[in-house]
């Protein structure tokens with residue numbers, strides 16, 4: 001069983017929901033990213049979505065765009081991100097890590113080489129934001145020969161026929177994008193999320209995560225009542241943005257700095 | 001597909017999923033997939049409807065002023081002393097460039113789809129002006145995304161867009177040029193997808209854009225083909241056009257693809273020279289990758305990060321290119337080369353003085369190739385250059401280079 005499936009099974013047995021923070025690797029540098037990953041787990045994260053930077057993040061709003069610019073300013077490469085996952089695995093062999101990003105760095109590395117490196121470094125899932133299932137055949141074929149999960153997005157605009165098609169291609173979990181727009185925008189409409197989750201659930205037994213627009217403990221709790229997983233990105237990156245790139249932070253300092261994740265965890269478990 | 005099939009008229013690209021060989025396709029976030037599907041279905045329906053093309057032709061004739069002339073540049077020909085040079089005068093279109101052919105077509109699509117809000121990206125501002133123009137004509141709200149770097153160097157076009165009632169949105173992320181304007185337009189579209197039509201200005205972006213922009217622009221090549229036969233009794237030997245995203249080039253090339261005797265040359269922006277890395281010539285120097293919704297030749301580093309580009313002309317300052325050009329390059333059906341900023345300026349001055357036609361800096365790249373190659377060719381060789389736009393917008397840039405303030 002993959003780490004992701006195991007994680008959801010365990011949470012289900014405990015009657016809890018998954019908390020999935022997203023952070024951009026290399027923001028402000030890979031050393032801090034490694035410490036942040038451990039701090040996230042200590043604060044109650046179940047799965048980590050680790051973004052690898054790309055110069056042209058067309059699905060992201062200003063907060064993640066700035067994170068990507070900071071990561072690229074220290075020359076963060078996909079290779080460096082994979083090495084960071086290896087280092088994370090030296091201490092943490094249980095928390096699933098999902099790599100998330102845009103296709104071009106993966107194309108540039110080569111699908112086979114990327115997949116081999118992802119498996120070797122201990123990655124569990126791959127989510128390519130600008131690669132819909134229609135264009136994913138070549139990469140998925142390689143990924144499916146390994147234990148890696150291929151995760152896809154469903155949006156409010158996705159038709160019923162596409163929901164069914166996307167669910168068939170997915171493994172690990174399905175990521176429901178709760179808003180039209182880019183990351184970090186707008187406010188959640190819980191009723192609309194509920195209706196759309198029902199459409200997804202009608203097509204799959206996989207866990208369904210919800211992301212985009214979850215800003216605080218209250219919205220995390222509301223979403224955890226209806227979804228299997230809560231994804232938080234821009235709200236966390238806002239906290240990371242306050243860090244000083246030239247400074248070394250202890251894990252305890254980072255844990256306190258991103259207390260938001262702990263607050264979300266507690267609200268979700270209450 | 002083999003080269004011989006191309007030459008024997010079985011080209012038929014793109015396929016139903018928007019692939020030109022390994023290029024093209026649809027690489028966007030899920031939110032936009034249904035919108036692209038809707039656009040694809042609507043376009044397929046209208047493409048088969050003669051009334052749609054009748055309206056398009058009517059607008060091109062009465063509003064744009066088509067057909068544009070194919071002009072024999074006699075003094076230029078004599079001065080170069082080789083091939084006979086003909087200019088396809090897209091600069092004479094309403095708004096001053098070929099861009100309006102596409103915005104007329106896409107405006108008809110937007111209207112048929114019931115969209116009330118138009119967005120567009122622009123580099124040199126020609127596509128922005130052409131979009132603002134059709135939006136004004138249809139009474140639609142219009143927002144044009146433009147890099148702050150380009151806003152500086154194309155201030156005349158910025159003012160034109162504002163006069164036409166468009167909201168010009170400065171983009172200050174990344175390199176602050178066309179690529180970043182396109183990022184921001186895609187973000188706007190994902191946010192406002194219900195009421196918004198995105199008029200992409202070139203033959204790039206996700207399917208069906210490369211196909212439909214080509215279809216609208218290929219009026220250039222259809223007219224040129226007929227006009228050349230009428231004027232000279234035969235087909236041309238060589239077609240030349242500048243290539244940024246590549247819409248004016250595809251517009252000229254596409255109707256000639258089955259004519260195997262006709263050579264096609266795309267001229268990319270060589271900037272300070274290919275060896276300096278400061279250029280915008282992905283077909284000459286790049287590798288295939290994925291950007292802005294399609295797979296195509298790109299300028300990126302060894303980690304797949306998109307490189308900053310440089311060109312004297314804002315309209316060519318782009319790290320990618322339309323996927324059909326990538327396919328034509330691999331098929332050896334078209335060849336792609338580059339000229340430098342300096343060669344471009346020389347061509348700009350020469351055409352202005354010799355023919356009394358001030359070309360856009362983008363277009364001047366194609367003229368620069370002709371200045372280099374026409375003298376080597378025999379006098380019975382016929383070259384058609386796509387004179388894609390006029391240079392009024394570039395007066396500030398050229399004056400600044402010459403040390404003058406206007």
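The values are calculated or read from the model by the stated rules, or taken from the named source; none is laboratory data. Bear in mind the structure is a predicted one, so any value in this text is a computation, not a measurement. Cβ coordinates were reconstructed from backbone atoms using ideal geometry, including for glycine residues, and neighbour counts include every protein chain displayed.
Summary table
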item: Search result, residues across the range B:77-94 that are part of a helix (DSSP H, G or I) and surrounded by fewer than 24 Cβ atoms within 10 Å (Cβ to Cβ); result: B:77, B:78, B:79, B:80, B:91, B:92, B:94
item: Filter result for the condition that a residue is touching a helix residue (DSSP H, G or I) at 6+ places or on another chain (Cβ under 8 Å) and surrounded by fewer than 16 Cβ atoms within 10 Å (Cβ to Cβ), over B:395, B:350; result: B:395
item: Residues of the range B:276-321 that turn out to be away from chain A (no Cβ under 14 Å) and either buried (at least 24 other Cβ atoms within 10 Å of the Cβ) or in contact with a strand residue (DSSP E or B) (Cβ under 8 Å, 6 or more places away or on another chain) (or both), as a count; result: 14
item: Residue, farthest from the other protein chains (Cβ to nearest Cβ), within the range B:190-217, restricted to residues that are part of a helix (DSSP H, G or I) and at pLDDT below 95; result: B:190
item: Subset of the range A:203-222 (residues that are part of a helix (DSSP H, G or I) and either at pLDDT below 95 or farther than 21 Å from residue A:50 by Cβ (or both)); result: A:217, A:218, A:219, A:221, A:222
item: Test: residue in the range A:228-248 that is out of contact with any helix residue (DSSP H, G or I) (no Cβ under 6 Å at 6 or more places or on another chain), more than 22 Å from residue A:25 (Cβ to Cβ) and modelled with pLDDT of 95 or more; result: yes
item: Subset of the range A:66-80 [at the interface with chain B (Cβ under 10 Å from one of its Cβ atoms) and not in a helix (DSSP H, G or I)]; result: A:75, A:76, A:77
item: All positions within the range A:160-185 that are facing chain B (nearest Cβ under 8 Å), surrounded by fewer than 24 Cβ atoms within 10 Å (Cβ to Cβ) and not in a loop (DSSP other than H, G, I, E, B); result: A:162
item: Given (1) without any contact (Cβ under 8 Å) to a residue 24 or more places away in the chain; (2) over 18 Å from the mean Cα position of the chain (by Cα), index of the condition residue B:367 fails; result: (2)
item: Residue match in the range B:137-147 (condition: more than 14 Å from chain A (Cβ to nearest Cβ), surrounded by fewer than 20 Cβ atoms within 10 Å (Cβ to Cβ), part of a strand (DSSP E or B) and more than 21 Å from the chain's Cα centre (by Cα)); result: yes
item: Hits in the range A:219-250 - residues which are surrounded by fewer than 16 Cβ atoms within 10 Å (Cβ to Cβ) and more than 19 Å from the chain's Cα centre (by Cα); result: A:225, A:242, A:244, A:245, A:246, A:247, A:248, A:250
item: Complete set of residues in the range A:9-39 that are buried (at least 21 other Cβ atoms within 10 Å of the Cβ) and within 16 Å of residue A:269 (Cβ to Cβ); result: A:17, A:18, A:19, A:20, A:21
item: Test result for residue A:142, at pLDDT 95 or above, part of a helix (DSSP H, G or I) and within 11 Å of another protein chain (Cβ to nearest Cβ); result: no
item: Count - residues of the range B:23-57 that are part of a helix (DSSP H, G or I) and within 14 Å of chain A (Cβ to nearest Cβ); result: 12
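Let's see how each residue does on (1) assigned to a loop (DSSP other than H, G, I, E, B); (2) away from chain B (no Cβ under 13 Å):
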site	(1), (2)
A:50	no, yes
A:64	no, no
A:82	no, no
A:98	no, yes
A:106	no, no
A:114	no, no
A:158	yes, no
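Let's see how each residue does on (1) within 25 Å of residue B:24 (Cα to Cα); (2) in contact (Cβ under 8 Å) with a residue 60 or more places away in the chain; (3) surrounded by fewer than 17 Cβ atoms within 10 Å (Cβ to Cβ):
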{"residue": "A:133", "(1), (2), (3)": "yes, no, no"}
{"residue": "A:140", "(1), (2), (3)": "yes, no, no"}
{"residue": "A:144", "(1), (2), (3)": "yes, no, yes"}
{"residue": "A:156", "(1), (2), (3)": "no, no, no"}
{"residue": "A:202", "(1), (2), (3)": "no, no, yes"}
